[in-house]
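The structure appears below as structure tokens.
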Amino acid sequence: DARVTQTPRDKVTEMGQEVTMRCQPILGHNTVFWYRQTMMQGLELLAYFRNRAPLDDSGMPKDRFSAEMPDATLATLKIQPSEPRDSAVYFCASGLAGTGGYNEQFFGPGTRLTVL
Amino acid sequence: DAKTTQPTSMDCAEGRAANLPCNHSTISGNEYVYWYRQIHSQGPQYIIHGLKNNETNEMASLIITEDRKSSTLILPHATLRDTAVYYCIVRARYNAGNMLTFGGGTRLMVKP
């Protein structure tokens, strides 16, 4: 049963600290998405990758957020320095693009980030 | 992608059919209707999608009106585990990044 995995599941940190969230997409998937969910804003797309190349990160605050895919099995989202307004649940999703079929997104369980 | 409008919340009795409406009056010819749901504390989950024909799978049925300006997701026999936020999303099937834009969704509460 292939699943997207995310670590850590919960993270509590203090303002100013660096936070790194990791995602392992489903093996063979070539697109990876990062979303952020808050009560106020709902689900927002932060960035997405296709074949490890960033296609769009316009939803991400550039001064403090960065997203990378060091290899096909790992995507990372970093916040440095973190701020209380970054408190949210961060979801990673993966999918398979370009196969001609519908490319549904498979979501991970999320990382709940609390910045004090 | 076309904008969608959904009721904020709905209730349904356990065992009864849950009918969740979605308006997408500005949908264009190459745009599909997708439904995802998010159970509390979990990531969203794909349910079903369609272009203009009605669709059915093991989870739900999707009814799209002939003019494609609205659709209804039907859960034929709702259970307590179907309590979730249901998102109706309209997008072109082959947009470059397969992006999804989530709106507010409908919070479905299935009651005993």
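The values are calculated or read from the model by the stated rules, or taken from the named source; none is laboratory data. For clarity, every value in this text was computed on a predicted model and none was experimentally measured. Cβ coordinates were reconstructed from backbone atoms using ideal geometry, including for glycine residues, and neighbour counts include every protein chain displayed. For the accessible areas, the whole protein counts, side chains as well, though only heavy atoms, and no ligand, DNA or RNA atoms are used. Shrake-Rupley method; radii C 1.70, N 1.55, O 1.52, S 1.80 Å.
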In segment B:77-90, the residues that are within 11 Å of chain A (Cβ to nearest Cβ) and modelled with pLDDT under 95: B:89
I need every pair where a residue in segment A:36-54 that is in contact (Cβ under 8 Å) with a residue 60 or more places away in the chain has its Cβ under 9 Å from the Cβ of a residue that is surrounded by 15 or more Cβ atoms within 10 Å (Cβ to Cβ) and hydroxyl-bearing (Ser, Thr, Tyr), sequence separation at least 6 or different chains. A:37/A:90
Note on segment B:29-58: residues surrounded by fewer than 19 Cβ atoms within 10 Å (Cβ to Cβ), under 13 Å from residue B:87 (Cβ atoms) and hydrophobic (A, V, I, L, M, F, W, C) are B:39
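Of the residues that make up segment A:104-114, is at least one open to solvent by less than 70 Å² (accessible area, probe 1.4 Å), modelled with pLDDT under 95 and within 19 Å of residue B:99 (Cα to Cα)? Show your work before the answer.
So in segment A:104-114, the residues open to solvent by less than 70 Å² (accessible area, probe 1.4 Å) come out as A:104-105, A:107-111, A:113-114.
Filter again for modelled with pLDDT under 95, leaving A:104-105.
Filter once more, keeping what is within 19 Å of residue B:99 (Cα to Cα): A:104-105.
Yes, segment A:104-114 has at least one match.
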Across segment A:34-66, what is the total count of residues that are farther than 13 Å from residue A:93 by Cβ, among the hydrophobic types (A, V, I, L, M, F, W, C) and open to solvent by less than 30 Å² (accessible area, probe 1.4 Å)? 2
With the condition kept exactly as written, say whether any residue in segment B:98-110 is more than 12 Å from every other protein chain (Cβ to nearest Cβ), touching a residue at least 12 places away in the same chain (Cβ under 8 Å) and in contact with a helix residue (DSSP H, G or I) (Cβ under 7 Å, 6 or more places away or on another chain). yes
Consider residue A:59 against the criteria (1) within 23 Å of residue A:96 (Cβ to Cβ); (2) modelled with pLDDT of 95 or more: it satisfies all of them except one. Which criterion is unmet? (2)
Specify the residue that is nearest to the other protein chains (Cβ to nearest Cβ); the eligible residues are those in segment A:1-29 that are within 17 Å of residue A:93 (Cα to Cα) and in contact with a Lys or Arg (Cβ under 6 Å, 6 or more places away or on another chain). A:7
If I go through segment B:1-28 residue by residue, how many of them are open to solvent by less than 70 Å² (accessible area, probe 1.4 Å) and farther than 20 Å from residue B:111 by Cβ? 6
